[in-house]
Amino acid sequence: MIRKKIFFVLICLLSASCSTNQGANVKYLAQKTIDDTHPRATLILGSTELVNKVLITNVRVAQVGLLQKAGIDVQNLTDNRYNLEYKIVWRDKQGFPIKVSNVWHRFVLSPRKIKSFQSMGKTEQAYSVQFTVRFPDDLFIDSDKHEVESKQMVPCPPPLPPICPRSMRDRVKIK
């Protein structure tokens with residue numbers, strides 16, 4: 001009888017250990033591309049294409065005078081060169097953001113290289129840090145492309161000069 005109970009408990013333990021967890025960061029944690037060991041840091045891969053390609057690790061948080069200082073490393077795990085951007089948000093002990101600016105900082109991550117980032121908390125209430133890495137927002141890239149295209153010189157209809165900016169040509173209605 002005791003053997004049956006032990007056998008049943010072992011089967012339950014084995015089946016429970018094989019089940020998968022559900023959650024937003026499970027994919028990243030399972031791949032180990034985010035080092036989640038530091039209790040005062042939240043690390044985010046903002047693009048799913050970066051999983052298994054970029055590692056966020058080596059978080060350091062220390063007090064410097066009355067302010068907090070954080071250091072974070074980002075490592076390229078591939079042989080590709082990436083144009084990325086990052087944002088650091090400091091939070092108080094309750095987890096609320098402190099003086100958030102919506103500025104993303106661009107950087108280049110060369111193949112197999114490690115890039116280190118540092119930030120100082122903006123106030124004495126700064127306690128933890130949130131670090132996000134992603135591919136640059138395509139909205140700005142697309143708007144720049146459209147602006148360049150609109151400035152290109154192209155042939156125009158007869159009432160206008162023979163060569164004019166594309167934006168001017170599009171405004172003229174041909175009768």
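The values are calculated or read from the model by the stated rules, or taken from the named source; none is laboratory data. Everything numeric in this text was worked out from a predicted model, so none of it was measured. Counting neighbours? That spans all protein chains shown, and the Cβs are built from the backbone with ideal geometry, glycine included.
Here are a few things to note about the model shown:
- Of the residues making up the stretch 41-59, those that are touching a residue at least 40 places away in the same chain (Cβ under 8 Å) and outside any strand (DSSP E or B) number 4.
- Test: residue in the stretch 113-121 that is surrounded by 18 or more Cβ atoms within 10 Å (Cβ to Cβ) and in a loop (DSSP other than H, G, I, E, B): yes
- Residue match in the stretch 14-33 (condition: modelled with pLDDT of 90 or more, of a type outside the set (S, T, N, Q), under 15 Å from the mean Cα position of the chain (by Cα) and surrounded by 15 or more Cβ atoms within 10 Å (Cβ to Cβ)): no
- Any chance THR48 is of a type in the set (Val, Ile, Thr), surrounded by fewer than 16 Cβ atoms within 10 Å (Cβ to Cβ) and assigned by TED's automatic domain parsing to the domain that holds VAL129: yes
- Considering residues of the stretch 60-91 that are in a loop (DSSP other than H, G, I, E, B) and touching a residue at least 12 places away in the same chain (Cβ under 8 Å) only, the residue farthest from ASP137 (Cα to Cα): LEU66
- Within the stretch 92-106, the set of residues being surrounded by 15 or more Cβ atoms within 10 Å (Cβ to Cβ) and either closer than 13 Å to THR132 by Cβ or at pLDDT 95 or above (or both) comprises TRP104 only.
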